[in-house]
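Working notes, structure below.
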Amino acid sequence: MKNILETNPSLKKYRRTFRKAKDDFELSQLTREEHIPVEIHETQEEGCKVVAAEIAALIREKQASGENCVLGLATGNSPVKVYKELVRLHKEEGLSFANVITFNLDEYYPMVKSSVNSYNHYMNEVLFKHVDVKPENVHVPDGSIGRDEIKAYCKSYEKKIDEVGGLDLQLLGIGRTGHIGFNEPGSHSNSYTRIIALDDITIDDAAEDFGGVNNVPKGAITMGVGSIFKARRIVLLAWGSNKASIVRKAVEGRISEDVPASFLQRHENIKFVVDIYAAGELTRVKTPWKVGSCDWTPNLVRRAIIDLCEKTDKSVLKLTDKDYNDHGLGELLVLYKSAYDVNIRVFNDLQHTITGWPGGKPEADDTYRPERREPAQKRVIVFSPHPDDDVISMGGTLKRLVDQKHDVHVAYQVSGNIAVGDEDVLRYLSFFKRFFQEQYKGDKVVEKNYNRLKEFLQREKEDGEVDLPEILKAKGLLRQEEAKSACRYVGIEKSQLHFLNLPFYETGKVKKNLLSQVDVDIIKELLREVKPHQIYAAGDLADPHGTHKVCLEALFLALDQIKEEGDAWLNDCWVWMYRGAWQEWPIDEIEMAVPLSPEELRQKRNAILRHQSQMESAPFMGGDSRVFWQRAEDRNKETARRYNKLGMAEYEAIEAFVRYIP
Ligand code: F6R
């Protein structure tokens with residue numbers, strides 16, 4: 001099936017947050033804080049094409065002079081699209097890998113090659129089996145060798161690289177710990193291929209692939225920093241905002257063992273290729289006024305003032321001309337006459353984002369309100385990627401919309417079945433079986449099937465084994481019942497709930513299918529049925545490979561197609577994006593802030609608690625031991641605290657939204 005996202009050239013134009021970031025990115029190309037050349041691309045796809053083109057050119061150049069091309073390769077999410085493009089170049093443009101010799105950076109230890117989680121398997125799937133590289137030219141560390149052989153094995157791996165003349169080009173990703181290869185913090189600049197223990201953060205990041213933290217191998221065999229350094233050319237890839245802070249440390253920070261990637265500052269032929277999200281913390285992107293003169297858009301002014309408040313520990317209205325001058329914002333004083341003028345402007349801007357009427361306040365002057373007042377009763381669809389994101393991320397707002405008499409629908413985009421633990425489903429099946437047995441004197445069919453399913457649930461699963469279809473069904477139903485219960489609590493009727501069960505998700509595995517038109521059509525149908533005045537969606541665009549991003553893109557595609565097909569109702573439809581469970585919008589981007597009272601926050605917690613299966617046994621919780629309601633509360637309270645620190649009224653909690661204009 002074709003990936004519809006890649007065939008849709010107009011997708012880019014939807015990305016409002018992205019556009020905003022890009023505006024800012026174009027403001028300043030000044031890189032004086034950066035000690036490594038960084039190339040920023042609008043999208044990961046674009047960056048990967050550029051890198052693949054460089055690799056292809058190198059392979060061809062070596063071919064032309066009758067030489068081998070020795071490539072150091074990385075695994076993980078970052079290079080997937082580079083390999084995809086290389087495969088395309090092989091299939092469509094005759095790029096041959098006959099002269100290519102590859103050495104992979106690393107492999108988990110212990111790890112058998114045949115495991116779906118091994119890097120050996122990964123490399124075959126994404127590259128080797130699709131191109132004409134000679135099997136004997138491919139080297140991926142073997143994670144299955146005996147412990148006493150490791151030392152000699154590592155030495156010979158290193159030697160083999162030297163024997164073929166060293167690496168012409170090394171491709172790298174970067175871990176959130178700053179690791180390159182699996183050289184975790186503490187690795188020396190002159191370390192070579194060896195076995196190491198994985199950092200807890202790295203283990204957390206791999207937990208999803210392995211179906212839980214406990215299944216991730218604790219070690220790895222990795223090329224060292226010194227081995228990487230010997231490469232004649234290094235290209236490091238980073239995508240998504242979860243890499244932004246480590247990219248900044250590696251590029252702008254001090255060279256230190258604490259951030260192994262910072263050693264790369266000493267390499268003479270290196271570049272980082274990143275997208276705008278991974279570049280988000282670089283000085284030239286985040287605080288461009290610190291590296292040069294700026295084109296002061298209202299958004300940038302707001303961001304600079306909020307940053308200044310944080311630096312000076314002051315609220316907006318207390319900032320003085322001296323604060324501006326001391327922190328490189330003197331230019332603003334020239335443009336706006338005085339700190340007082342800028343302060344008032346930003347203060348009002350922030351104040352106008354706050355509303356207790358997320359659906360608009362009937363009969364009020366709406367000039368400075370985030371939402372329009374008409375129509376007084378709006379049709380609303382809240383798109384919730386999984387069956388709990390609605391209440392986790394906007395439970396308070398959801399209840400307000402219902403209480404303020406809007407016609408609220410909730411659309412659950414995916415079933416969320418793989419996030420239900422076996423024990424949870426077993427408990428319900430057991431209840432169901434006993435109830436039928438005891439109440440209706442036994443049904444043999446129920447009992448027979450129950451025993452079969454129980455046996456499956458209690459058996460140890462094999463690597464990559466998928467649940468039986470009936471179990472996936474049961475898990476999906478369980479989540480539907482939880483969502484129904486949460487919505488009953490909030491006051492939304494069953495008839496207003498839509499379980500879309502988008503097919504791209506239904507693999508039974510962490511790895512999903514590509515998004516297709518079938519998914520988009522399901523969303524279009526619902527949109528056309530309801531014709532909403534307001535849409536809420538989880539705006540997790542920066543998430544490089546998650547379900548939330550795919551769900552959002554499916555919605556954006558649906559809106560785009562509806563727009564092209566000329567549906568008039570869309571002109572009167574506003575889209576608000578909330579953030580998923582993991583992070584909040586930066587304060588300077590928030591366009592609607594809905595305050596919650598202590599009582600509303602308690603109600604929100606109760607609604608979240610209805611999603612019982614997600615309370616303790618959700619397999620993908622990573623290292624954060626807080627459960628969902630705690631995270632939601634901490635985050636909403638933190639937003640309120642930050643608003644308050646800027647000089648706004650003191651609220652118990654705030655839910656935040658950014659508007660997206662189709
Ligand atoms: C993989 C490797 C690692 C990854 C890094 C980033 O061979 O050596 O250093 O490059 O962990 O992983 P992703 O790309 O999955 O974010």
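Within the range 380-399, is even one residue over 28 Å from the mean Cα position of the chain (by Cα) and at pLDDT 95 or above?
Pass one, the range 380-399, residues over 28 Å from the mean Cα position of the chain (by Cα): none.
No.
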Practice item. Kindly provide the set of residues from the range 628-662 that are crowded, with 19+ Cβ neighbours inside 10 Å and β-branched (Val, Ile, Thr), ordered by number. Key: THR639, ILE654, VAL658
Check your understanding: What are the residue pairs meeting all of these: first residue in the range 590-613, first residue within 21 Å of ARG579 (Cβ to Cβ) and without any contact (Cβ under 8 Å) to a residue 24 or more places away in the chain, second residue of a type in the set (A, V, I, L, M) and not in a helix (DSSP H, G or I), Cβ atoms under 9 Å, and 6 or more apart or on different chains?
Key -> LEU609/MET615
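For the range 210-225, how many residues are among the small types (Gly, Ala, Ser) and not in a loop (DSSP other than H, G, I, E, B)?
So the first thing to find is which residues in the range 210-225 are among the small types (Gly, Ala, Ser), and the list is 211-212, 219-220, 224.
Checking the rest, the ones that are also not in a loop (DSSP other than H, G, I, E, B) come to 219-220.
Qualifying residue count, the range 210-225: 2.
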Revision key, fill the gap. When the range 234-249 is checked residue by residue, the ones that are at pLDDT 95 or above and within 27 Å of SER118 (Cβ to Cβ) are ILE234, VAL235, LEU236, LEU237, ALA238, ILE246
Check your understanding: Among the residues of the range 58-75 satisfying the criterion of being touching an Asp or Glu at 6+ places or on another chain (Cβ under 9 Å) and not in a helix (DSSP H, G or I), which is farthest from the ligand (Cβ to nearest atom)?
Key -> GLU67
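Using the structure shown, decide if ASP467 is part of a loop (DSSP other than H, G, I, E, B), in contact with a Gly (Cβ under 7 Å, 6 or more places away or on another chain) and among the acidic types (Asp, Glu).
The answer is yes for ASP467.
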**Study point:** Considering residues of the range 95-146 that are hydrophobic (A, V, I, L, M, F, W, C), more than 15 Å from the ligand (Cβ to nearest atom) and more than 24 Å from LEU198 (Cα to Cα) only, the residue nearest to the chain's Cα centre (by Cα)
**Key:** VAL131
Study note, to complete from the structure: Checked the range 226-282 for anything surrounded by 24 or more Cβ atoms within 10 Å (Cβ to Cβ), in a helix (DSSP H, G or I) and more than 15 Å from the ligand (Cβ to nearest atom); matches are VAL251
Exercise for review: With the condition kept exactly as written, say whether any residue in the range 292-300 is in contact with a Ser or Thr (Cβ under 9 Å, 6 or more places away or on another chain), away from the ligand (no atom under 16 Å from the Cβ) and at pLDDT 95 or above.
Suggested key: no
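Here is a yes/no grid of residues against (1) away from the ligand (no atom under 16 Å from the Cβ); (2) modelled with pLDDT of 95 or more:
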site	(1), (2)
TYR153	yes, yes
SER156	yes, yes
VAL164	yes, yes
LEU169	no, yes
ILE174	no, yes
ILE180	no, yes
PRO185	no, yes
THR202	no, no
ALA207	no, no
**Study point:** Filter result (part of a helix (DSSP H, G or I) and surrounded by 13 or more Cβ atoms within 10 Å (Cβ to Cβ)) within the range 342-378
**Key:** VAL342, ASN343, ILE344, ARG345, VAL346, PHE347, ASP349, LEU350, GLN351
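Within the range 213-223, restricting attention to residues that are surrounded by fewer than 24 Cβ atoms within 10 Å (Cβ to Cβ) and of a type outside the set (A, V, I, L, M), which residue is farthest from the ligand (Cβ to nearest atom)? Working first, answer last.
Taking the range 213-223 as the starting set, the residues that turn out to be surrounded by fewer than 24 Cβ atoms within 10 Å (Cβ to Cβ) are 213-219.
Checking which are of a type outside the set (A, V, I, L, M) leaves us with 214-215, 217-219.
Working: ASN214: 19, ASN215: 17, PRO217: 13, LYS218: 15, GLY219: 13 Å.
My answer is ASN214.
Quick check on this structure: which one of VAL133, VAL116 is among the hydrophobic types (A, V, I, L, M, F, W, C), within 16 Å of ILE55 (Cα to Cα) and assigned to a loop (DSSP other than H, G, I, E, B)?
Values: VAL116 fails: within 16 Å of ILE55 (Cα to Cα).
After ruling out the rest, the residue left standing is VAL133.
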Check your understanding: Within the range 434-450, can one find any residue that is within 25 Å of ARG610 (Cα to Cα), exposed (fewer than 14 other Cβ atoms within 10 Å of the Cβ) and not acidic (Asp, Glu)?
Key -> yes
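Return yes when PHE499 is under 13 Å from VAL410 (Cα atoms), of a type in the set (Phe, Trp, Tyr) and at pLDDT 95 or above and no when it is not. Working first, answer last.
Values: under 13 Å from VAL410 (Cα atoms): yes; of a type in the set (Phe, Trp, Tyr): yes; at pLDDT 95 or above: yes.
Considered against the rule, which asks whether it is under 13 Å from VAL410 (Cα atoms), of a type in the set (Phe, Trp, Tyr) and at pLDDT 95 or above, PHE499 comes out as yes.
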Practice item. Find the residue count for the range 564-582, including only residues that are surrounded by 14 or more Cβ atoms within 10 Å (Cβ to Cβ) and modelled with pLDDT of 95 or more. Key: 10
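The values are calculated or read from the model by the stated rules, or taken from the named source; none is laboratory data. Everything numeric here is computed off the predicted structure, so don't read it as measured data. Because the Cβ atoms are built from the backbone with ideal geometry, glycine has one as well, and the counts that use them run over all protein chains shown.
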